[in-house]
Amino acid sequence: MRTDLFRLNGTVERDPAIDAWMKEHRGELGAIAHEWFEVMRKCGDEVRETLHDGCPVACLGDAPFGYVNVFTSHVNVGFFHGAALPDPARLLQGNGKFMRHVKLKPGTATDTAALDRLIETAYSDIKARVENG
């Protein structure tokens, strides 16, 4: 496990800036982002959140594990340690050293069970990193 985890200052239990962000991103794309950020929020009692680089980020304390972001025609559900996550459904995209994302488009089927598992696994992963780091 890495001991030099990326940390974010100013995480809170419920960030009003994220609620404002959600109101700015209405329509199908906003609904998709909201749905999946709610899944992240419900991962555990220690989930905190903040806006980082202009998008909602879910953290365990101050250690981020997931985010959502709305683009012109899709939504990214991203993971800060996505490269380390098991992905048997092959949903993850990207080739960065650590981060990966799932691209969701309106009208395109999503393997919701697999994405739920990725979010749960990302939360468990960051919890292990924080506790063992």
- Top-ranked residue in the stretch 104-121 [being among the hydrophobic types (A, V, I, L, M, F, W, C) and loosely packed, with under 12 Cβ neighbours inside 10 Å; ranked as modelled with the highest pLDDT]: ALA113
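Residue by residue, here is whether (1) β-branched (Val, Ile, Thr); (2) free of Cβ contacts under 8 Å to residues at least 40 places away in the same chain holds:
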residue: PHE6; (1), (2): no, no
residue: VAL12; (1), (2): yes, yes
residue: HIS34; (1), (2): no, yes
residue: GLY61; (1), (2): no, no
residue: TYR67; (1), (2): no, yes
residue: VAL70; (1), (2): yes, no
residue: HIS74; (1), (2): no, no
residue: ASP87; (1), (2): no, yes
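Let's see how each residue does on (1) touching a Pro at 6+ places or on another chain (Cβ under 8 Å); (2) farther than 19 Å from ALA113 by Cβ; (3) not in a loop (DSSP other than H, G, I, E, B):
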{"site": "LEU8", "(1), (2), (3)": "yes, yes, no"}
{"site": "ALA17", "(1), (2), (3)": "no, yes, yes"}
{"site": "PHE37", "(1), (2), (3)": "yes, no, yes"}
{"site": "GLU49", "(1), (2), (3)": "yes, yes, yes"}
{"site": "CYS59", "(1), (2), (3)": "no, yes, yes"}
{"site": "GLY66", "(1), (2), (3)": "no, no, yes"}
{"site": "LEU91", "(1), (2), (3)": "no, no, no"}
{"site": "PHE98", "(1), (2), (3)": "no, yes, no"}
{"site": "LYS103", "(1), (2), (3)": "no, no, yes"}
- Query: Does LYS42 qualify as being farther than 28 Å from ALA128 by Cα and either touching a Lys or Arg at 6+ places or on another chain (Cβ under 8 Å) or at pLDDT 95 or above (or both)?
  - Reply: no
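Within the group HIS101, HIS74, HIS81, which residue is farther than 15 Å from ALA122 by Cα and either more than 12 Å from the chain's Cα centre (by Cα) or surrounded by 12 or more Cβ atoms within 10 Å (Cβ to Cβ) (or both)?
On inspection, the qualifying residue turns out to be HIS74.
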- Taking the stretch 99-121 and the residues there that are among the hydrophobic types (A, V, I, L, M, F, W, C) and in contact (Cβ under 8 Å) with a residue 60 or more places away in the chain, the one that is farthest from LEU5 (Cα to Cα) would be LEU104
- Query: Any idea which residue in the stretch 84-98 is surrounded by the fewest Cβ atoms within 10 Å (Cβ to Cβ), counting only those that are over 22 Å from ARG129 (Cα atoms) and touching a helix residue (DSSP H, G or I) at 6+ places or on another chain (Cβ under 8 Å)?
  - Reply: ALA89
- Residue list for the stretch 22-46, filter: surrounded by fewer than 18 Cβ atoms within 10 Å (Cβ to Cβ), closer than 18 Å to THR110 by Cβ and small (Gly, Ala, Ser): GLY27, GLY30, ALA31
- Query: What are the residues in the stretch 14-32 that are free of Cβ contacts under 8 Å to residues at least 24 places away in the same chain and over 18 Å from LYS103 (Cα atoms), if any?
  - Reply: PRO16, ASP19, ALA20, LYS23, GLU24
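The values are calculated or read from the model by the stated rules, or taken from the named source; none is laboratory data. Everything quoted here is computed from the prediction, not taken from an experiment. Cβ atoms come from the backbone with ideal geometry, glycine included; neighbour counts cover every protein chain shown.
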